[in-house]
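Following: one structure in structure tokens, then a few remarks.
The values are calculated or read from the model by the stated rules, or taken from the named source; none is laboratory data. For clarity, every value in this text was computed on a predicted model and none was experimentally measured. We place every Cβ from the backbone using ideal geometry, glycine too, and count neighbours over all the protein chains shown. These accessible areas exclude ligands, DNA and RNA; they are computed on the full protein's heavy atoms, side chains included. Shrake-Rupley method; radii C 1.70, N 1.55, O 1.52, S 1.80 Å.
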Amino acid sequence: MPHVVVTALSHPGLLRDRNEDSLVAGPWTLCATVTENPQTLVFPLGTPLAVAVADGLGGHPRGDVASALVVRRIASLGPVLTDEGAVRDALDACNRAVYQAAGGDEGEELAGMGTTIAGVVVGPDELLVFNVGDSRVLAVEDDGLRQVSVDDSPPLAPGQRTTSIVTQCLGGSPDFRPVRAHVTAFPLAPGDRYLVCTDGLTDPVPEEALGEILREHDDARAAFELWKAAIAEGGPDNITLTLVRVSDE
């Protein structure tokens, strides 16, 4: 029977006091906590399956609350994310939910909280890629990685490889701002693999190194080696990743 293998890992890194990343795979969420080992889940191919990571906005209050709120909402909406319009509507709803929570009973403690999000919805014959912010979705191909999400970041200066600035996110400001989510459909085939991750992985580890790891390893071993690579580079930020693999075995 065709199925989807999802392997997930989330870790605070070496310099952050806490993990403000969260992730979702189908109905399963991991919110602002730590996985000691990669977790692998298997889902039948059919009902839309949402897999995503959310990176709480640094320098703002309670990014962990924002990221957890968003992935839980995506978990509840996953089965109805059947087309690009439904995904855009879900991300608009997530954005409004973050603002509503930030203006709730806890008052200024949550004001301005925000999060990025990036993920995929795996359907019977197509895959929807979506993101708001600079968390990424990368297709794993024979000759390396191909980014299929769109970074919401300002242009990089010559010689600059990364930036911590995002031009849009879910929440993140005192007053409501709508978002224009990036959503793209791709055909789906057995053997397809995707890496969905926060910038705690892609900032310290060059894309070429990530691609080399994914050529040599798959599923849990690959997730572990990706995490090791980020830690070897100093683990400067929270590291959250999911690997999605489509199988017909």
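Here is how the numbers come out for the structure above:
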item	result
Number of positions in region 132-148 that are assigned to a loop (DSSP other than H, G, I, E, B), within 21 Å of residue 68 (Cα to Cα) and out of contact with any Asp or Glu (no Cβ under 8 Å at 6 or more places or on another chain)	0
Pair list, Cβ under 7 Å, 6 or more apart: region 138-161 residue over 17 Å from residue 217 (Cβ atoms), other residue basic (Lys, Arg) and surrounded by 10 or more Cβ atoms within 10 Å (Cβ to Cβ)	147/136; 149/136
Residues satisfying the stated conditions in region 194-221, i.e. farther than 26 Å from residue 20 by Cα and in contact with a helix residue (DSSP H, G or I) (Cβ under 9 Å, 6 or more places away or on another chain)	216, 217
Some residue of region 36-44 being among the polar types (S, T, N, Q) and within 23 Å of residue 152 (Cβ to Cβ)	no
Some residue of region 207-217 being under 17 Å from the mean Cα position of the chain (by Cα) and either surrounded by fewer than 19 Cβ atoms within 10 Å (Cβ to Cβ) or assigned to a loop (DSSP other than H, G, I, E, B) (or both)	yes
Test set (1) buried (at least 19 other Cβ atoms within 10 Å of the Cβ); (2) not in a helix (DSSP H, G or I) - residue 236 fails condition number	(1)
Residue check for residue 177: open to solvent by 90 Å² or more (accessible area, probe 1.4 Å) and closer than 19 Å to residue 54 by Cβ	yes
Check on residue 170, aliphatic (A, V, I, L, M), open to solvent by less than 40 Å² (accessible area, probe 1.4 Å) and more than 30 Å from residue 92 (Cβ to Cβ)	no
Residue within region 169-183 that is assigned to a helix (DSSP H, G or I), at pLDDT 95 or above and aliphatic (A, V, I, L, M) present	no
Filtered residues of region 180-194 (kept if of a type in the set (Lys, Arg) and surrounded by 14 or more Cβ atoms within 10 Å (Cβ to Cβ))	193
Filter result (polar (S, T, N, Q), over 14 Å from the mean Cα position of the chain (by Cα) and either within 22 Å of residue 112 (Cβ to Cβ) or buried (at least 18 other Cβ atoms within 10 Å of the Cβ) (or both)) within region 20-58	39
Count - residues of region 136-157 that are of a type in the set (S, T, N, Q) and more than 15 Å from the chain's Cα centre (by Cα)	1
Test for residue 97: is it at pLDDT 95 or above and touching a Gly at 6+ places or on another chain (Cβ under 6 Å)	no
So residue 161, is it basic (Lys, Arg) and closer than 15 Å to residue 55 by Cα	no
Conditions (1) within 14 Å of the chain's Cα centre (by Cα); (2) surrounded by fewer than 24 Cβ atoms within 10 Å (Cβ to Cβ): number failed by residue 118	(2)
Region 73-87: number of residues that are within 16 Å of the chain's Cα centre (by Cα) and surrounded by fewer than 17 Cβ atoms within 10 Å (Cβ to Cβ)	0
Residues (touching a residue at least 12 places away in the same chain (Cβ under 8 Å), of a type outside the set (A, V, I, L, M) and part of a loop (DSSP other than H, G, I, E, B)) located in region 18-48	18, 19, 20, 26, 27, 33, 35, 37, 38, 46, 47, 48
